[in-house]
Each structure stands twice: as structure tokens, then as C-alpha cells.
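> First, the structure itself, so that you have it in front of you.
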Amino acid sequence: MERLQKVIAQSGITSRRKAEELITEGKVKVNGTVVRELGTKVTGRDRIEVNGVQIEREHPVYFLMYKPSGVITAVSDDKGRKVVTDYFQEIVEERIFPVGRLDYDTSGALIMTNDGTFANELMHPKYKVDKTYIAKIKGIPEREAMKKLERGIMLEDGKTAPARVKFLSGDKKKQTAIIELTIHEGRNRQVRRMLEAIGHPVLKLKRERYAFLDVKGLNPGEFRELTPHEVKQLRNQAVTQPSKKRGHN
Ligand code: URA
């Protein structure tokens, strides 16, 4: 859901301030009804008319990117560092942005779109979209440490939801291990903080899968368009996996 004035401004016909004026003057209709409320939220599926003319919404686009490490998950950076949209120079018509974020040093699967409703659905904490990470960690974790991750770890912003954890390999000589961790929350630096909390700081982190999507066939910095079926599946996944806490299960 996005604010009506923002959607009007994004269509390119006027500024956001002017769009607000048009709304309060009663010149904007949503699905055939005049709307004067500035707080009104609309989805990509609502029909919006300004002065009786339907606005052209941006054509929604959806991409899966293999984010390289050393890149900021943002559309711009005031310090001039590389950002994920730098890899999308050929996409000029649509204003795309990342869905959620990966840390500067994290690589892997990242969804990019210009569809705010879709992005909000996927990121809403009420829905559980699985994200699978491969972490190279310091030390070789004991069985009990892995169990702790599975049960949930107390972090400064609360206990993490249960995770799925797999031990992939260990290097006794180098004292490092590779583990796979699947979580559905998306807190800031969550995987790094969880592993730090059990005494095995992350040396390298990659998001191997976002829901059912992986970056196989892509090199770091490359992206591909999602198929309409994949977009539908992601949408379904977001809306059919509500949190147990809210009693929708
Ligand atoms: N967890 C992290 O710690 N970092 C990421 O980039 C993603 C999840």
C-alpha cells in the first residue's frame, strides 16, 4: 500500500505537493470515487484518475539479483559508495528498489522491484518468508550451540524465532566451519548477531535462497527478471503464511 499523493507524483504528472492539493480539491478519484483524504493508501491494482484522466502507473517489474559483497543495499549513497541499483543501468523507465536489505558485506539473493505493494507484502513481519544463509564462521560449533540457534537466541531486541540449522563442513586446522541457517525474520544483522551470540562470529555470509529462489546461474552483480509465475508464487507465499501469533494459522 502506498500513499495516493506519492503514487500520483510517481506517475510523473506533478509534484507530491501539487498532488496533495489536487486530492484536497476533490480532483482525484480512486476506483471511480472522489477521495479527499491525504492519508489514503492505494495498491498497484487501484485505478486512479486525476481531473478525469486515468494516470499511467509504472509497469511493475521484478528482478532477482545476485548482490555482490561490498555493495550497499540502497538506491543511492551520500558517500558515493556502490549501491545495488548501479547494476541496473539498463533499467531506465522504472524506479526500482531493493526488497529488504543485505549488509554491505553480505552477498546473495536480493529481490528488486518498483512495486511497493509487493515489497511491503514480502517484508511484513506478519508473513514468514524463509531466507536461507550460508555462513562461514569462526570455530567449530558444538551440537549444543547449533541447538541454541534452532530454539531461538536472546538478542538485545528480543528472542529470535526458531531457525533451521545444518552443519555443512568444518576445518579443524583453520578452526572454521560452514553452516546453513534458515530464518524467516528480517532483523538488522540478524544472522551475524545470532552467530556472535553463540561465540562463532561470521567470517563470510551469503544469502543462498530467498523463499524458493536461488542465484544459481547468476554471477555476483548479475540479475534476471522473475517469471510471472515466480512473482505469483512469492505473493502467495507472503499472504498464505501468516504468523501463528496473530491466530491466522
Ligand atoms: N543477516 C545478517 O546478519 N546480515 C544480512 O545481510 C542478512 C541477514
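> Hull surface divided by four, with the convex hull built on the Cα atoms of the chain: how many nm²?
Approximately 16.2 nm², given one-decimal rounding.
> In the neighborhood of residue 11, defined by Cβ-to-Cβ distances under 9 Å, what is the net charge if each Lys or Arg adds +1 and each Asp or Glu adds -1?
Net charge around residue 11: -1.
> Which entries of 82/174; 41/232; 173/216; 172/204; 41/206 show an alpha-carbon separation above 25 angstrom in the structure shown? Numbers along the way, then the final one.
Numbers: 82/174 32 Å; 41/232 22 Å; 173/216 30 Å; 172/204 17 Å; 41/206 35 Å.
Over 25 Å apart, Cα to Cα: 82/174; 173/216; 41/206.
> Give me the net charge of residue 203's neighbourhood, meaning all other residues with Cβ under 12 Å from the Cβ of residue 203; Lys, Arg count +1, Asp, Glu -1.
Here the count lands on +3.
> In a GNM of the chain with a 10 Å cut-off on Cα contacts, which of 184, 229, 124 has the highest mean-square fluctuation?
Per the Cα network of the chain with a 10 Å cutoff, 229 tops the list.
> Which longest uninterrupted range of the chain lacks any GluC sites (Glu not before Pro) assigned by DSSP to a loop state (not H, G, I, E or B) and surrounded by at most 12 other Cβ atoms within 10 Å? Can you show the working numbers first?
Working: sites that count: 25, 37, 56, 90, 93, 142, 156.
By the stated rule (loop sites, at most 12 other Cβ atoms within 10 Å), 157-249.
We did not get these values from a lab; they are worked out from the coordinates using the rules stated. The structure displayed is predicted, hence computed values, not measured ones. Every residue, glycine as well, gets a Cβ built from its backbone with ideal geometry; the counts of neighbours run over all protein chains shown.
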